[in-house]
Structures are given as C-alpha cells and as structure tokens.
Amino acid sequence: MKNTLLALLLLLYAPSVLAQDVSSPPFIAVHGEAKLEVVPDIFPLTVTLQETSLEATQTQARIEGLAKEFLDLANAQGVQDADMQVGNLDISPETDYDERTQRQVFLGNTYKRELTFRFHTLDALRQFISKAPVGRQVRMSTGNFEYSDKAAEQKKLLSAAIADARTTADEMARGIGMRIVGVQTISNQALNIRYSNSSNATMLGAVTVAGTALLAPGIVLMRGTIILKQDVYIVYLLDK
C-alpha cells in the first residue's frame, strides 16, 4: 500500500520535478524586433449614399444619380477601375414603434449604396473631396492610410528581427561563457516564456493618420507616417 501511494505521488509531482531538473539543456529565450517608418501612398475613401423615403421611384433615382456623379468624377480624375468598387443597391424597410397605437409604423424604404475609391496621392484625395456632390444623402469618410509595399517590407523586417534576436542571444551567451548550439522554438507569437528584449531595437516616434470622418468642407488631411513592425520570439539552446 505504501509503495502504491508513493508511486501516485511521484506521478502527480513529475511535471514540476522535470521543470526544475538542472540536467536539462540550458536555453535563452529572446525577443527580436525590427521597425520601419514609411510614408503612406494609398488613401482610401468610402462614400455612402443613403435616403429613407415613401417615394420609391424618386428616391432610387436620386441615389443612382449621385452614384453616377461620383463615378464620373473619379473617371475624370483618372482613377483606375482597380481602385474603384461599387456596392450593390440595398433596399430595406424602415419602421418606428408608435407608443399610442402600440404598432410598428412604416416610414418608407431606405435606399443605400456604398462606393469605395483608392487614391495614390493625398492631393488627389483632396481634389476629389472638394469637387464631390454634397447633400443629406451623402456621407464620406477616409479609411486607414496604407503603404503599397507593406508585404515586401514585412519580409525584410522578419529577417532583420531574427538577426536582432540572434545578436542579443550571442551577447548573453558570451556573457556567461557559453555558446548557442541550436534553436528550440521560433515564432512570431510569444509563448508562455519570459523573453529577454533585444538590446539594439530603435523606437521610432511617428504618428499614423487614419479614419478621419469627413463631416464638413475644408477638413484638414495630413499624410503622416506609418510604423511597420515585425516581432520574433526564439528559444536558443546553449552549451559550453
């Protein structure tokens, strides 16, 4: 009975015993990072055309007429087809609850169409907004400014982040008279391990301009900058 109890206790405590086993290979967990400050070169704009009315034919004609005006303006400004997207016309009933009669009252149909445009200079976006049709059916808003070569730059940043992590790991290993002999894990997501931060990372102080709602004429638009960042988490194995 005593032997059985002892065996059960060893099984229960085996994970903690193994975790503290000083004979396991030593390792260093390092967080590497790389950053790049870039200037955005894609400036999106979303145009929402919407009206609720009991006059179906006239309302639909107004929404479609406004959509055509926006598309004509984009074509006149040289916006390419690949940078324009026209959403489907959405028609949905609008109702309101009448407390007196305790019934839903039909207010009319809501006619809605959404257009999206991408401009490659901030001046082109400004010109489009300044010439765009206005009215209670029109709402315009900018999206997040973007960088067209983001994917290519992220690949370069990944290599730089890996090199950054290795530099820090080498310095730490030399500091305790050891050397790196292999990699246990590598990921762009942190695991449940305490990582040492890389010593040569540079912080860039920049502001990203995004999501400006265009609710009035004469709004100020600033290009700003975008920070591209890549993180990598590596566990290196050590030996003397």
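At 20 °C and 1.002 mPa s, grab the translational diffusion coefficient of region 83-140 from Stokes-Einstein with a Kirkwood Rh over Cα pairs, rounded to a whole number in µm² per second.
It diffuses with D of about 147 µm²/s by this estimate.
Relative contact order for region 92-178: what is it in percent, counting Cα pairs under 8 Å that are at least 6 residues apart?
Reported as a whole number, the value is 14 percent.
Cα gyration tensor of region 32-97, axes a ≥ b ≥ c as square roots of the eigenvalues: rounded (a/c below 1.5), prolate (a/b > b/c) or oblate?
In terms of gyration-tensor shape, oblate.
Residue by residue, what Karplus-based ³J(HN,Hα) values in Hz, rounded to whole numbers, does region 31-47 have, using 6.51, -1.76 and 1.60 with θ = phi - 60° and x for Gly and Pro?
Listing the rounded values in order: 9, x, 8, 9, 10, 9, 9, 10, 9, x, 9, 10, 10, x, 9, 10, 10 Hz.
As an exercise, use a Förster radius of 22 Å and the Cβ-Cβ distance of Ala76 and Thr46 to find the FRET efficiency, rounded to the nearest 0.05.
The calculated FRET efficiency here is 0.65.
Sum up the charges of everything whose Cβ sits under 15 Å from the Cβ of Asp81, counting Lys and Arg as +1 and Asp and Glu as -1, but leave Asp81 out.
Taking every other residue near Asp81 into account, the sum is -1.
What is the set of long-range amide H partners of Asp41 at a cut-off below 5 Å, with H atoms built 1.01 Å from backbone N?
Glu146, Tyr147, Ser148
Using a 1.4 angstrom probe, figure out how much accessible area region 27-91 has per residue, in square angstrom, rounded to the nearest whole.
50
Within region 67-133, what whole-number % of the accessible surface is contributed by carbon and sulfur, with the 1.4 Å probe and all protein chains included in the calculation?
On region 67-133, the fraction of accessible area on carbon and sulfur atoms equals 44 percent.
Restricting things to alpha carbons, tell me how big region 15-156 is in terms of Rg and Dmax, in Å.
That works out to 26.0, 82 Å for Rg and Dmax.
Please give the peptides 167-176, 93-102 ranked by average Cβ packing (other Cβ atoms within 10 Å per residue), highest first, as a rough proxy for protection.
Listed from highest to lowest mean packing, they are 167-176, 93-102.
The values are calculated or read from the model by the stated rules, or taken from the named source; none is laboratory data. Keep in mind the model is a prediction, meaning the values are calculated, not measured. Quick reminder, even Gly has a Cβ in these numbers, built from the backbone with ideal geometry, and neighbours come from all protein chains shown. In case anyone asks, the SASA skips ligands and DNA or RNA and just uses the protein heavy atoms, side chains included. Shrake-Rupley method; radii C 1.70, N 1.55, O 1.52, S 1.80 Å.
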